[in-house]
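Shown next, in structure tokens, is the structure this report addresses.
Rule-based calculations on the coordinates, nothing more; no lab input. On a predicted model such as this, the values are computed, not experimentally measured, just so you know. Don't worry about glycine lacking a Cβ; one is built from the backbone with ideal geometry, like all the others, and counts go over all protein chains shown.
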Amino acid sequence: MPPTPLEEENNHNIRVVLTGGPGGGKTTAADLFRREIGERVVVVPESASVLFTGGLPRVSEPHAQCAAQSAIYHLQRSLELIQSSLYPDRILLCDRGTVDGAVYWPEDSGDFFEKMGTTFEEELGRYDAVIFFESAAVGNMSIETGNPARIESNEEAVILDRKLRRLWSRHPNFTFVPHNPSFFKKITSGLAAMESIVGQLTHAREDRLEAEAADGE
């Protein structure tokens with residue numbers, strides 16, 4: 001899918017994806033990081049949770065699944081654009097990204113990215129960094145959190161985790177946060193990774209802007 005003119009205007013935001021299998025702790029980490037770092041970042045909420053908690057049904061019929069994943073994909077892009085437009089100077093911390101939908105797409109329904117009018121490479125390139133939180137299900141720990149949008153069993157969560165990691169790990173700036181029996185230690189590790197990556201990307205952007213300003217003189 002080619003970018004809209006408004007998307008091209010707002011493509012200077014740094015975008016960091018937090019992803020992983022169900023029960024990885026990414027949403028908790030995003031909220032804690034936002035509280036810690038303040039106005040330097042803005043969280044882009046998980047589009048699937050927004051839709052499923054808002055009335056979109058969880059379905060298993062392939063055509064219905066395709067319709068649901070198409071809606072999630074387009075909402076994700078729209079949410080990123082909205083936050084980018086409202087907060088042009090902040091880092092976008094995305095709770096999942098547009099690549100995730102490929103894992104939930106029915107296998108017999110064609111290529112997800114082709115159906116969305118884009119490519120895997122284009123969607124991967126939307127983001128400056130990826131931080132992957134491995135699902136607690138990998139360690140046989142319960143992923144029940146009371147989230148009504150989460151219906152996966154532990155076995156399903158492990159399968160999704162592996163498929164998501166296989167895709168996202170192809171990003172050149174990929175960081176893996178492994179499962180830890182201590183949720184506190186895992187989140188602490190994830191927050192440290194986020195702080196390091198955000199710092200590196202921020203400095204790189206500042207250097208680029210300084211260089212561009214110098215060239216324009």
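Brief remarks on what is shown
- Qualifying trypsin sites (Lys or Arg not before Pro) in the stretch 146-217, where qualification requires a DSSP coil assignment and no more than 13 other C-beta atoms within 10 Å, comprise Arg170.
- Candidates Thr27, Thr202, Thr98: whichever shows maximal mean-square fluctuation once the chain is modelled as a Gaussian network with Cα springs under 10 Å: Thr202
- At R0 = 41 Å, FRET efficiency that the Cβ-Cβ distance of Asp111 and Arg205 yields, to 0.05: 0.80
- Projecting the Cα atoms of Pro22, Val43, Gln83 onto the charge dipole of the chain, computed from C-beta unit charges around the Cα centre, puts Pro22 farthest toward the positive end.
- Residues of type lysines that Lys163 reaches as a straight line, Cα spacing below 23 Å, ignoring anything fewer than 8 places off in the same chain: Lys26, Lys115, Lys186
- Only helices enter the 222 nm calculation for the chain: every DSSP H run of n ≥ 4 contributes -39,500 (n - 2.57), and dividing by all residues gives -16000 deg cm²/dmol, rounded to 500.
- Per DSSP, loop GluC sites (Glu not before Pro) in the stretch 95-146 with at most 12 further Cβ within 10 Å: Glu144
- Calculated P(r) of the chain - Cα pairs past 22 Å, %: 51
- The magnitude of the dipole of the stretch 5-216, with charges of +1 and -1 set on the Cβ of Lys/Arg and Asp/Glu and taken from the Cα centre, is near 680 debye.
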